[in-house]
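**Q** Sharing a structure here in structure tokens format.
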Amino acid sequence: MIGTISEWLWWDRLWLPGNLTWADLKDEEGLVYARASHLYVTVPYALVFLVVRYVFERLIAIPLAASLGVTEKTGYKVEHNAVLEHYFITKSKHPGQVKSTLTQRYHRSTSDSKSPLKPWFYNLREVWNGYPRQSVLDSQYWYYILEMSFYFSLVLRITFDVKRKDFKEQIIHHWATLTLLAFSWCGNYIRVGTLVMLIHDSSDILLESAKIFNYAKWESTCNGIFVVFAAVFIVTRLIIFPFWIIHCTWVYPPDYYPPFFGYYFFNFMLVILLMLHIFWAYLILRMVKMFLFGSLTKDERSDNEEDEEEDGETSVTEDNDGHVKVTNGCGAGGGANHH
């Protein structure tokens, strides 16, 4: 039975165009093609990432955070707040459930202190030149291996890390990313795969930088970096991604080979990714608009770490319309992932 499943899974027509078979992609004369077996090494590398992260946090991150004035949260006994309790009892449709959820979250948050440019880079038609007989470059191999190892380490880490409110979303995101990377590797969509990774990585580093300065209470720096992040996000994911990358994967391939399952599946996944980009861009632009006009009261994104960590400067007020405002730091405090 296992043999039958394997034979169906690796059926040539699912992965390769036309009359090509896996036999046509055997390594020869210095040409090395992508193999699923190449990805096995990501497992031990993911463990190495976990060790490196542990050492980095203990020897570098914690001392650096202390020098920036970021301290660990200490647990406090939950105190009764008559104003908040009255509000949720009178305003909520399910006061008992809301009260229970808030109490559990508060307890948890206060107790868990825990080359050179390649031709296809500027001429996207080169992505499909010779496909799928495209030899894997060393730079492409290591980019894929390190990226997949990193995300696999996140999957391993998140299972025993502090459980944030977006725990399920993070698990889905990480596994979806790994699935896309693995499929593009096995289907030899490596050239376009590296471009997609580059587009996503370019904005993520800015978001993480903004979070660092948010924790250090450098609000002006945090806000400035977040604006730059928002601009880079919009340009790379709502302009370059659909009008260059998806155009490249949807329009150009039929000029080189008849469409097949892998062609449709890969483009379907990219369109799903684009829909997620539009959703995240909407939330990001709302945040930018609110803090530029002085009305940002909390992170609009769904996976905000600050929602689960008590901050001495957090305040809860009620405006004239009866809406609750939660003021807490700058707009980049959330731990959003945008892959």
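The values are calculated or read from the model by the stated rules, or taken from the named source; none is laboratory data. These numbers come from a predicted model, not from an experiment. Cβ placement follows ideal geometry from the backbone for every residue including glycine, while neighbour counts extend to all protein chains displayed. Ligands, DNA and RNA are excluded from the accessible area calculation, which covers all protein heavy atoms including side chains. Shrake-Rupley method; radii C 1.70, N 1.55, O 1.52, S 1.80 Å.
**Q** For the residue pair Phe243 and Ser135, what label-to-label distance in nm results when each label sits 7 Å from Cα along the Cα-to-beta-carbon direction?
**A** Output for this residue pair reads 3.7 nm.
**Q** What are the ³J(HN,Hα) values, in whole Hz, obtained from phi via the Karplus relation 6.51 cos²θ - 1.76 cosθ + 1.60 with θ = phi - 60°, for each residue of the range 149-155 in sequence order, with x given for Gly and Pro?
**A** Once rounded to whole Hz, the list reads 5, 4, 5, 5, 5, 5, 4.
**Q** Let me ask something else. Highest mean first, what order results for 150-156, 281-287, 37-43 on Cβ atoms within 10 Å?
**A** 150-156, 281-287, 37-43
**Q** Can you run phi through the Karplus equation (6.51, -1.76, 1.60; θ = phi - 60°) for the range 14-28 and list ³J(HN,Hα) in whole Hz, with x for Gly and Pro?
**A** Here the 3J(HN,Hα) series is 6, 10, 10, x, x, 9, 6, 10, 4, 5, 6, 10, 7, 4, 6 Hz.
**Q** Spelling out what I want: for every residue of the range 40-50, take phi, set θ = phi - 60°, compute 6.51 cos²θ - 1.76 cosθ + 1.60 (Karplus), and round to whole Hz; glycine and proline get x.
**A** 4, 5, 5, 5, x, 5, 5, 5, 5, 4, 5
**Q** List the residues of the range 29-50 whose backbone N lies under 15 Å from a point placed 7 Å from the Cα of Trp22 along the Cα-to-Cβ direction.
**A** 33-40
**Q** Which distance in nm do the two modelled labels at Leu198 and Val52 give, with both placed 7 Å along the Cα-to-Cβ direction?
**A** That separation, rounded to one decimal, is 2.1 nm.
**Q** Moving to a separate point now. Using a 1.4 angstrom probe and counting only protein chains, how large is the accessible area of Ile2 in Å², to 10?
**A** Ile2 exposes around 140 Å² with every protein chain in place.
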